[in-house]
Amino acid sequence: MRTERRTAPRSNARLLCNQYIDGTPHLGEALELSVSGALVRRVIGTSEERACYALELGTPDKPEERVFVCATSVWREGDLEALRFVAQSDRDRARLAALLRSLN
């Protein structure tokens, strides 16, 4: 059993995202999302592990409002990966909060 370590409440997202591993985008689905992290299901891509990588999030109806964050893996099981966002600016957090509001 995992210990709960979330620092911000997560919302159901069901949002396609790109995980950029070594500069190559890999399709994922953000199942849950908060301003501090996400639960992502890898759809198409690599099983390679990296200390951190860029994650691109956004809604299909507003492609100009994509959010890029630096993510690090907290745990992985099969095709699921829990991510923590690192080195966020205040602007990153505000854009993620706006994205979360648009999902509700």
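The values are calculated or read from the model by the stated rules, or taken from the named source; none is laboratory data. On a predicted model such as this, the values are computed, not experimentally measured, just so you know. No Cβ is skipped: glycine too gets one built from the backbone with ideal geometry, and neighbour counts run over all protein chains shown.
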**Fill in**
All-but-one check, Glu64 against (1) loosely packed, with under 13 Cβ neighbours inside 10 Å; (2) touching a residue at least 12 places away in the same chain (Cβ under 8 Å), failing number (2)
**Request:** Just give me the residues in the range 58-104 being within 23 Å of Ile44 (Cα to Cα), at pLDDT below 90 and assigned to a loop (DSSP other than H, G, I, E, B), in sequence order.
**Result:** Gly58, Thr59, Pro60, Asp61, Lys62, Arg66
**Request:** Would you check if there is a residue in the range 4-18 being under 18 Å from Leu100 (Cα atoms), at pLDDT 90 or above and touching a Pro at 6+ places or on another chain (Cβ under 6 Å)?
**Result:** yes
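This table checks each residue for (1) in contact with an Asp or Glu (Cβ under 9 Å, 6 or more places away or on another chain); (2) over 14 Å from Ser11 (Cα atoms); (3) in contact (Cβ under 8 Å) with a residue 12 or more places away in the chain.
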residue: Gly28; (1), (2), (3): yes, yes, yes
residue: Ala38; (1), (2), (3): yes, no, yes
residue: Cys52; (1), (2), (3): no, yes, yes
residue: Ser73; (1), (2), (3): yes, yes, yes
residue: Asp79; (1), (2), (3): no, yes, yes
residue: Arg84; (1), (2), (3): no, yes, yes
**Request:** Report, by residue number, each residue of the range 21-55 that is part of a loop (DSSP other than H, G, I, E, B) and either closer than 23 Å to Ala94 by Cβ or hydrophobic (A, V, I, L, M, F, W, C) (or both).
**Result:** Ser34, Val35, Ser36, Ala51, Cys52
**Prompt:** Checking Arg50 against (1) of a type in the set (Lys, Arg); (2) under 14 Å from the mean Cα position of the chain (by Cα); (3) surrounded by 13 or more Cβ atoms within 10 Å (Cβ to Cβ), which test does it fail?
**Reply:** (2)
